[in-house]
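The next block holds one structure in the form of structure tokens; read it before the comments.
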Amino acid sequence: IFSTQFVDALKSGGVDNIQTFQVIIVGEDGTEWNDYHAVQIIGLVRCADLEKSDYQIIARAVSESSPPLCDFDELEIDPKKVPADLKIFRLAEQPSWILINEPLLNSLLDNAPDTDTGWGFIGTQVCD
């Protein structure tokens with residue numbers, strides 16, 4: 001679930017591989033928040049460099065064309081396996097992880113809301 005403000009910031013940063021569906025969040029007291037979207041990121045990229053990463057296998061690959069499902073302590077990606085024009089994608093080896101490129105990260109940080117928490121990114125490390 002992303003806020004409308006975050007979805008707009010993604011689109012302003014050039015993201016075009018997401019599907020959004022407006023949602024209404026209803027609190028226990030009946031309060032409604034309608035400024036949110038369920039978001040599907042289109043793009044599952046198999047790019048983890050498993051020889052350089054620190055991880056445990058959660059589930060083995062079911063075929064040679066599919067990667068194992070991994071729990072990463074440290075992730076190294078092979079940038080040659082990531083399409084140059086892809087700004088945001090999910091990691092095939094851990095699909096719950098969302099990765100973004102450096103220009104999108106900078107665009108999002110430049111357009112962060114004026115709050116104490118900003119967007120709340122975790123693990124922002126840019127590597128060459």
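Here are some notes:
- Taking trypsin sites (Lys or Arg not before Pro) in DSSP loop states with no more than 11 other Cβ atoms inside 10 Å as exposed sites, the chain has its longest site-free stretch at 61-128.
- The listed residues I58, I98, once ranked by accessible area (1.4 Å probe) with the largest placed first, stand as I58, I98.
- Taken per residue, the accessible surface of the chain reaches 69 Å², heavy atoms only and a 1.4 Å probe.
- Overall, the accessible surface of the chain at a probe of 1.4 angstrom is composed of carbon and sulfur to the extent of 47 percent.
- The loop-placed GluC sites (Glu not before Pro) in region 60-97, going by DSSP, that have at most 13 neighbouring Cβ atoms within 10 Å of their Cβ come out as E64.
- Checking the cross-link pairs K52/K87; K52/K80; K52/K81 against a 18 Å limit on the alpha carbon distance flags K52/K87 as lying beyond it.
- Average Cα contact separation per residue, the chain, under 8 Å, 6 or more apart, as relative contact order %: 22 percent
- Label selected from [x] 41; [y] 48; [z] 34, the criterion being percent of Cα pairs over 23 Å apart as computed here: [x]
The values are calculated or read from the model by the stated rules, or taken from the named source; none is laboratory data. Because the structure is predicted, anything quoted here is derived from the model rather than measured. Reconstructed Cβ throughout: ideal geometry from the backbone, glycine too, with neighbour counts over all protein chains shown. Please note that ligands, DNA and RNA were not included when accessible areas were found on the heavy atoms of the full protein model with its side chains. Shrake-Rupley method; radii C 1.70, N 1.55, O 1.52, S 1.80 Å.
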